[in-house]
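Just below is one structure, and these are the notes that go with it.
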Amino acid sequence: MRTVPDDERRARLGVRHALATGHRAGSVEAAVAAMTCLHATEPASVHLSAWARSGATRDDVLRALHRDRTVVLQLAMRRTVFAFPADLLPAVRGSAAARVAAQLGARLAKEVEAAGLADDGAAWVTDVCAAVHDRLREAPATTRQLREAIPPLDLRLEVAPGTRHGGRFPVAPRVLATLAAGGGVLRGAPAAGWRVSRPFWTTTEDWLGSGPGRLPEREGYAELVRRWLWSFGPGTEADLVWWLGATKGAVRHALADVGASEVRLDDGSTAWLHPDDTAPVAAAEPWAALLPALDPTTMGWRGRGFYLGALGPLLFDSNGNGGPSAWWDGRIVGGWTQRPDGRVVVVPAGPLPRAAREALAAEAARLTAWLDGEIVRSLYQSPLARRHDASVPH
C-alpha cells in the first residue's frame with residue numbers, strides 16, 4: 001500500500017481543482033465538473049468559484065445556470081444548496097438529496113404538530129407541498145408570491161421555545177426546502193440579481209423538460225463517491241461521511257462499489273483514491289488563487305490540516321464555515337476582502353514570500369476588474385478578514 005504524502009495531496013488539489021497554472025478549466029461546465037459540484041448557499045459564490053477556475057464572466061455563469069441549464073441548483077448534502085452538472089442530478093436525487101428530503105419532511109411534520117397547526121403533521125406537509133407544486137405548474141413564483149397565493153405558507157412556527165436556537169420561524173422556507181431536496185421544485189431564474197438569493201421557484205419538469213429521474217440509493221451514492229474521489233482523492237472515510245452527510249455504511253458500500261484504491265496518508269490514516277487515478281501526481285508551477293466563502297476546495301474535506309495547517313480559527317467561523325480564502329501553491333495563506341470602493345484586498349495570515357505576495361496581488365487586481373465596482377458581502381466572512389476590516393478607517 002503506497003503512501004500519498006501531503007505535498008502530493010496539495011499537487012493533486014491544484015491540478016484536479018483547475019487552480020494550478022496550466023490546468024484551468026475551459027468553461028463554466030468544466031469548472032463545475034472539476035469540483036463534482038460548487039457550493040451555492042450564497043449565489044455569488046458560484047460565479048466567483050467558476051471565475052477562479054476558468055475566468056468565466058457573470059454572463060457565462062448565468063448562461064450555464066439559467067439559459068442552457070447545464071448546471072442546476074439543487075438542495076442536497078448537509079442541507080446545502082449546490083450547483084451540480086445536470087448529468088449528476090439522478091445520482092444526487094436518489095441518494096444524498098433524498099436523505100435530506102426525508103429528514104426535513106419529518107422534522108417539519110413534528111414542528112407543525114408541536115405548534116398546533118395540525119394533528120397529523122405529515123398529512124399537512126404533503127397537502128401544502130402539493131399546493132405549492134400545483135401553483136408552480138401555472139407559472140414560476142418567488143417565495144413572497146407563493147406566500148400570498150397559499151395561506152399556510154404565511155404562517156409561523158414556534159420552534160424550541162426558551163432555547164438558544166428557538167423562536168418563531170416562517171413556514172415557507174421549510175416547505176420549499178423539503179420540496180427542493182425532494183426534487184419536485186428547484187431554484188430557477190434570479191429575481192434580484194446575481195448576488196442575491198431570491199429565485200423564481202419552478203417545477204423541475206418545466207425547467208428541465210421530462211426531468212432527470214433518479215438512481216437507486218446505492219447506485220447514486222456510488223456515483224457521487226466516484227466523482228468525489230476524482231476531485232478530492234485521496235480522502236478518508238470520515239471525509240466522505242462528512243461531505244455526503246451520509247452514514248458510514250453508505251460510504252463503505254460506495255467505496256466497494258466503485259473499486260476505490262486504498263492508500264495511506266502522512267499521518268498513517270487510511271484513505272482512498274479513484275481506481276483510475278492511482279499514479280503519483282507531480283506538482284505544477286506555483287499558483288495563486290482567491291476563492292469565495294464556502295468554496296468546495298476550502299470545504300471539500302473534514303480533515304483539512306494538509307492545506308490549512310493551524311489557520312482554522314482565522315479562516316473558519318464557529319460553525320465550521322470557511323470564509324473567502326487566499327491560496328498559494330496548495331495552501332491557504334490568508335483571506336481577502338473588499339474596500340468600499342470595490343477594490344479587492346488580500347489579508348495574509350502571516351509573512352509570505354515575495355513570489356506569493358506578487359501573485360496574490362495580481363489575482364486581487366484581476367478580481368477587482370472582474371467585479372467592476374460591485375461589492376460581494378458574504379455572511380461567512382472569515383474572522384481574519386473581519387478583524388482587518390475593523391482596523392481600516394472608513
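Read-outs: derived from the displayed coordinates by stated rules, not from any lab. No experiment lies behind these values; they were computed from the predicted model shown. Positions of Cβ are generated from backbone atoms using ideal geometry, with glycine treated the same way; all protein chains shown enter the neighbour counts.
Checking the a/c ratio against 1.5 first, then a/b against b/c, what shape does the Cα gyration tensor give for the stretch 148-248?
Taking the square roots of the gyration eigenvalues as a ≥ b ≥ c, the stretch 148-248 is oblate.
If the elastic network links every pair of Cα atoms under 10 Å, which of 46, 171, 71 fluctuates the most in the Gaussian network model of the chain?
171
Is the stretch 337-394 rounded, prolate or oblate when judged by the Cα gyration tensor, a ≥ b ≥ c being the square roots of its eigenvalues, rounded requiring a/c under 1.5 and prolate requiring a/b larger than b/c?
Verdict is oblate for the stretch 337-394.
Relative to the first principal axis of the alpha-carbon coordinates of the chain, what is the inclination of helix 354-371, with its axis defined by its Cα atoms, in degrees from 0 to 90 and to the nearest 10?
40
Just to be sure I understand the model, the point goes 7 Å from the Cα along the line to the Cβ. What's the resulting residue 219 to residue 362 distance in nm?
4.7
For the stretch 193-349, which semi-axes, largest first and in whole Å, follow from the square roots of 5 times the eigenvalues of its Cα gyration tensor?
So the three semi-axes of the stretch 193-349 are 29, 26, 14 Å.
Select from 368, 315, 292 the residue farthest towards the positive end of the dipole of the stretch 288-391; place +1 on Cβ of Lys and Arg, -1 on Cβ of Asp and Glu, and compute about the Cα centre.
Ranked along the dipole, the leading option is 315.
What FRET efficiency comes out for the pair residue 319/residue 372, r = Cβ-Cβ distance, R0 = 22 Å, nearest 0.05?
So, using R0 = 22 Å, E works out to roughly 0.10.
Using alpha-carbon positions, what is the distance between the centroids of the stretch 113-167 and the stretch 1-72, in Å?
35
Points 7 angstrom from Cα along the Cβ direction at residue 106 and residue 30: gap in nanometres?
Spacing of the two 7 Å Cα→Cβ label points: 4.4 nm.
Largest first and in whole Å, give the semi-axes of the chain's equivalent ellipsoid, each being the square root of 5 times a Cα gyration tensor eigenvalue. The partial results should precede the final answer.
Working: eigenvalues 244, 134, 83 Å².
The three semi-axes for the chain are 35, 26, 20 Å.
Please find, in a Gaussian network model of the chain (springs between Cα atoms separated by less than 10 Å), the residue of 138, 237, 29 whose mean-square fluctuation is greatest.
138
Taking 0.36 nm per intervening residue step and subtracting the Cα-Cα distance, what contour gain separates residue 70 from residue 354 on full extension?
Answer, rounded to one decimal: 98.2 nm.
Can you give the Kirkwood hydrodynamic radius of the stretch 288-391 from its Cα pairs, in Å with one decimal?
Computed over the stretch 288-391, the radius equals 13.6 Å.
Helix 171-182 against the longest principal axis of the chain: what's the angle in degrees, Cα atoms only, rounded to the nearest 10?
70
In terms of the Cα gyration tensor, with a ≥ b ≥ c the square roots of its eigenvalues, is the stretch 71-166 rounded because a/c is under 1.5, prolate because a/b exceeds b/c, or oblate?
oblate
What residue among 296, 85, 161 has the largest mean-square fluctuation in a Gaussian network model of the chain, using Cα springs under 10 Å?
Per the Cα network of the chain with a 10 Å cutoff, 161 tops the list.
Kindly express, to the nearest 10 degrees and within the range 0 to 90, the angle between helix 217-232's C-alpha long axis and the longest C-alpha principal axis of the chain.
30
For residue 1 paired with residue 21, estimate the spin-label separation in nm (one decimal), with each label point 7 Å from Cα along the Cα-to-Cβ line.
Between residue 1 and residue 21, the simple spin-label model gives 3.7 nm.
How big is the Rg/Rh ratio for the stretch 23-118, C-alpha atoms only, Rh by Kirkwood, two decimals? Walk me through the numbers before you get to the answer.
Values: Rg = 16.1 Å, Rh = 14.4 Å.
Ratio of gyration radius to Kirkwood radius for the stretch 23-118: 1.12.
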